[in-house]
Structure formats: structure tokens, C-alpha cells
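The values are calculated or read from the model by the stated rules, or taken from the named source; none is laboratory data. Nothing here was measured: the structure is a model prediction, and the numbers come from that model. Cβ: placed from backbone, ideal geometry, glycine included. Neighbour counts: every protein chain shown.
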Ligand SMILES: [Zn+2]
């Protein structure tokens with residue numbers, strides 16, 4: 001269901017929508033007509049859950065996301081479930097394994113975090129090609145590569161830096177790789193580089209205004225590919 005930029009941009013858009021609901025008050029859910037409240041007042045939503053940003057025409061049906069609106073999570077899921085089942089039926093009906101391309105859907109994953117947090121280690125387990133240098137030429141090319149399946153490693157402590165990188169490489173996913181300082185200190189020491197100053201500098205510059213998601217493994221990133229392959 002993920003499309004380029006979906007995860008990260010969607011987070012930012014959802015945050016903006018929540019601000020609008022806080023400022024302007026609840027709006028009617030386009031699916032059920034009942035009010036959709038901001039996160040702080042989610043107990044007033046019919047399902048008691050945080051709202052979701054729904055699409056009139058979902059990404060799953062090639063919507064471009066320009067008509068996103070806050071909806072009840074319950075209502076959004078009900079609509080999405082219908083779409084997913086319809087798509088799955090269509091895929092079963094038309095599947096032709098002989099024509100399946102060897103490359104999967106585009107994945108450009110930005111991993112950020114302080115030195116020694118384990119970004120390179122995490123990237124290695126993805127099975128995707130990893131860029132951990134500052135080759136901007138390569139990065140520019142990534143943005144225009146519809147089949148790119150890579151991991152890009154940067155420190156990018158601020159949400160501004162991340163937003164700029166996401167734009168530059170047209171990242172599909174952004175994750176924060178972090179670890180407790182004592183773990184990082186032990187790693188850096190083992191590498192003969194006990195520079196916790198750089199870590200402290202990173203922490204001082206860090207902000208999560210973009211709600212950057214913690215890295216929890218590759219399953220969420222590679223799930224779609226696997227699910228597609230498992231379809232009978
Ligand atoms: Zn609703």
C-alpha cells in the first residue's frame with residue numbers, strides 16, 4: 001500500500017491536519033458524517049482512537065493523495081479493507097508470474113542517527129545496497145530512479161535536514177537508529193574512536209518535529225514485496 005514518499009510525508013501531513021483540528025475544531029468524517037476530533041480529544045471520536053488521514057481515492061487505487069482528510073480510524077480501515085480485498089482478488093485473477101519483474105517496488109530508505117548507533121549494522125541486514133558516503137551525484141540519481149532499492153545513511157539530527165534529504169533522494173521511508181549512550185560509547189571505543197563529543201553534539205542538534213519513526217527492523221519496509229510474492 002505504500003507509495004513513494006507516503007510514510008514520511010504522510011506523517012507530516014497528519015501532524016498538520018491535527019493542528020488544524022486543534023485550531024479550527026472537529027470536522028465531519030466523510031465516511032460516517034460524525035465529528036472527527038484532534039488527538040488531544042480522541043476520546044470524543046466514535047472509536048475513541050486517533051484519527052487517520054484518509055484518501056477519497058486511495059493510493060491503492062492510484063489516488064494522488066491530494067484529497068486527504070481526517071477520518072475516524074475505524075471508518076478509514078473499513079474503507080481500506082474493502083479496497084485491499086478488491087485489489088487482492090484482482091491480483092489473483094491477473095497474476096502472470098512469467099511477467100513478474102525481478103526488481104521490487106521502489107525503496108529508498110533514509111537511516112539517521114548519532115555515530116555508533118548501529119546505522120551501518122542495520123543497513124547491512126536489509127539486503128539493500130547502502131550509501132554511507134556524501135556522494136551527492138549518486139543521491140541526485142536516486143530521486144529519478146523508479147526502481148531504486150537502497151539505504152542511505154546520514155546523521156541528520158534535525159527534522160529540517162531530514163526533510164531536505166527526503167526531498168533530495170525522494171525517500172520512501174525514514175527511520176531513526178539510536179542506542180543508549182553507554183552502548184554507543186562501548187562501540188566507539190571498540191573501534192578506537194571514543195568520541196562521545198560527536199554523539200553529544202548530535203543529541204544537542206536533534207529534534208523530532210517530524211515524528212521520525214524509530215527503526216524497528218526491515219519488515220515494515222519490505223513487507224509489501226513479500227506479500228506480493230506470496231500471493232497465489
Ligand atoms: Zn467516521
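Consider residue 200 carefully, then state whether it is surrounded by fewer than 12 Cβ atoms within 10 Å (Cβ to Cβ), at pLDDT 90 or above and in a helix (DSSP H, G or I).
When the stated conditions are applied, residue 200 does not pass them.
Test of understanding: among 33, 54, 104, which residue is away from the ligand (no atom under 13 Å from the Cβ) and either modelled with pLDDT under 90 or at positive phi (or both)?
On the way: 33 fails: away from the ligand (no atom under 13 Å from the Cβ); 54 fails: away from the ligand (no atom under 13 Å from the Cβ).
Testing whether each residue is away from the ligand (no atom under 13 Å from the Cβ) and either modelled with pLDDT under 90 or at positive phi (or both) leaves just 104.
Among (1) at pLDDT below 90; (2) exposed (fewer than 15 other Cβ atoms within 10 Å of the Cβ), where does residue 24 come up short?
Condition not satisfied by residue 24: (1).
Given the conditions (1) out of contact with any helix residue (DSSP H, G or I) (no Cβ under 9 Å at 6 or more places or on another chain); (2) within 20 Å of residue 10 (Cα to Cα), which single one is not true for residue 183?
The number of the failed condition is (2).
Can you tell me which residues in the stretch 1-21 are crowded, with 17+ Cβ neighbours inside 10 Å and either modelled with pLDDT of 90 or more or within 16 Å of the ligand (Cβ to nearest atom) (or both)?
14, 17, 18, 21
Quickly run through the stretch 64-82 and pick out the residues that are surrounded by fewer than 16 Cβ atoms within 10 Å (Cβ to Cβ) and either modelled with pLDDT under 70 or more than 15 Å from the ligand (Cβ to nearest atom) (or both).
Passing the criteria: 64, 66, 67, 81, 82.
For the stretch 42-51, give me each residue that is touching a residue at least 12 places away in the same chain (Cβ under 8 Å) and either surrounded by fewer than 20 Cβ atoms within 10 Å (Cβ to Cβ) or more than 11 Å from the ligand (Cβ to nearest atom) (or both).
44, 46, 47, 49, 50
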